[in-house]
1. Projected area of region 1-103, taken from the Cα convex hull and averaged over every viewing direction, in nm²?
2. Top mean-square fluctuation among Gln272, Gln23, Gln322, Gaussian network model of the chain, C-alpha springs under 10 Å?
3. Can you compute 3J(HN,Hα) from phi for each residue in region 43-60, using the Karplus curve 6.51 cos²θ - 1.76 cosθ + 1.60 with θ = phi - 60°, rounded to whole Hz and x for Gly and Pro?
4. Looking at the chain only, what percent of DSSP beta bridges run antiparallel? Nearest 5 please.
5. Each residue of region 281-290 in order: what ³J(HN,Hα) in whole Hz does its phi give by Karplus 6.51 cos²θ - 1.76 cosθ + 1.60, θ = phi - 60°, with x for Gly and Pro?
6. Around Leu49, which amide H atoms from residues at least 5 apart in sequence, or from another chain, sit under 5 Å from its own amide H, with H modelled in the peptide plane?
7. Skipping prolines and chain starts, which residues have an amide H placed within reach, meaning under 5 Å, of the one on Phe172, given they are 5 or more residues away or on another chain?
8. Charges only on Cβ, +1 for Lys and Arg, -1 for Asp and Glu: so what's the dipole of region 229-277 about the Cα centre, in debye to the nearest 20?
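Taken together, the values in this text are just the output of simple stated rules run on the coordinates, not laboratory data. Model, not experiment: these values are computed from the prediction. Every residue, glycine as well, gets a Cβ built from its backbone with ideal geometry; the counts of neighbours run over all protein chains shown.
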Amino acid sequence: MEREQASGLTAAFYRHLCQTSAQPLGIVVARAQGATIWDASGRAYLDLLAGMGVANVGHAHPHVVRAVAEQIEKYLHVSVYGEMVQLPQVELARRLAELTPGDLSVVYFTNSGTEAVEGALKTARKFTGRARLVAFDGAFHGDTFGALSVGGNPIYRRPFVPLLPDVEFLAFDDVEALGRIDASVAAVIVEPIQGEGGVRVPGDGFLPALRRRCTEIGALLIADEVITGFGRTGRLFACEHWQVVPDILVLAKALGGGMPLGAFVGRTEVMQTLSHDPPLAHVTTFGGHPVSCAAGLAALDVLLREHLAADAAQRGARWVAQLRTLCGGALRTVRGRGMLLALEFATPEATRRFVARCFEHDLILNWTLHCDTVVRLAPPLIISDDELERATATMAAALD
Ligand SMILES: Cc1ncc(COP(=O)(O)O)c(C=O)c1O
């Protein structure tokens, strides 16, 4: 792309696309492959965010691209979700039923993570006949009204009130606080590892205690694995670190292999609640689009065939150890699981300076939505050892 064309495009981007922040990255994307995004001038950026947790098998994986091309040749959208038998949808649902923990076996496909959260919350309310919802401080579940209502940062809720009533927030990773979950609660929604909250890994007792409390009281446990799913934390699903089986598992991001796709998965009796009284009370036109499902199936193949979850566990542990040697000065701590890591800085200024320096040297990374002193690292799981070394060297230099 000519330089003039690129700058015209950038001007139109600022003028005609709704801006969501004061300082977008603004890279004029020419191509993306593996862990690299190239801009219009040919500059190559190493993407340490995997398109925000989507490209676990890398950008435009050839297997995924082929599956998309093949599906496009057959059919695109044919009917609203749930009416027709579409092979990619059925196959992906069957694979998810096999791979998700416990007896989660019925899948409802959506277009995005936030829609999957909405569906999970509605299902829980209808199934239990209860109204109250419990969520955790620091949580992020999406930006539609229901999902925002259970978002654990008041700064983002405040401009949009009134939201759902009857939502209580508990401190994350506080076992004592779980006693507040009582028999009026329809569901407790939790990220097994909080992403936007600053990559917060709970202590080993927390999720098992939460599971026990929900079972005791008859509330459904909804695990939001939109960011932690599909190998990101070193297991296929992060719940598996603690052998916790939720009642509903929420998925999106990497599920579609780069195409828009979300899902919530539950036991048969829980999910059946959406089939009746009345029927068609929770529907979607595009949810589970056949092209997205074909892409998701292909991405899942790659993930399993290349053992990317186990690989993320091993290489992530090595990477944490390397990154910890950089601590001192502005960088306080490094934490995380698998390939979902956090660099915690002393101040927001130091964080911003670090991110800007890394970007000058072609690394894409950023602080998390709720925590301006935490830089999240979530590269594609297929990132090569050489690329990881280059990223570490660049980060070390940016800290100097
Ligand atoms: C844990 C979690 N849940 C839900 C969402 C919302 O997903 P989406 O942006 O696809 O609506 C996100 C997005 O970042 C997320 O991190």
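1. So the mean shadow area of the Cα hull is 10.3 nm².
2. Gln23
3. 5, 9, 10, 8, 8, 8, 10, 6, x, 6, x, 9, 7, 4, 8, x, 6, 6
4. About 65 percent, rounded to the nearest 5.
5. 7, 9, 10, 8, 6, 9, x, x, 3, x
6. HN-HN under 5 Å from Leu49: Ala378.
7. Asp137
8. I would put it at about 300 debye.
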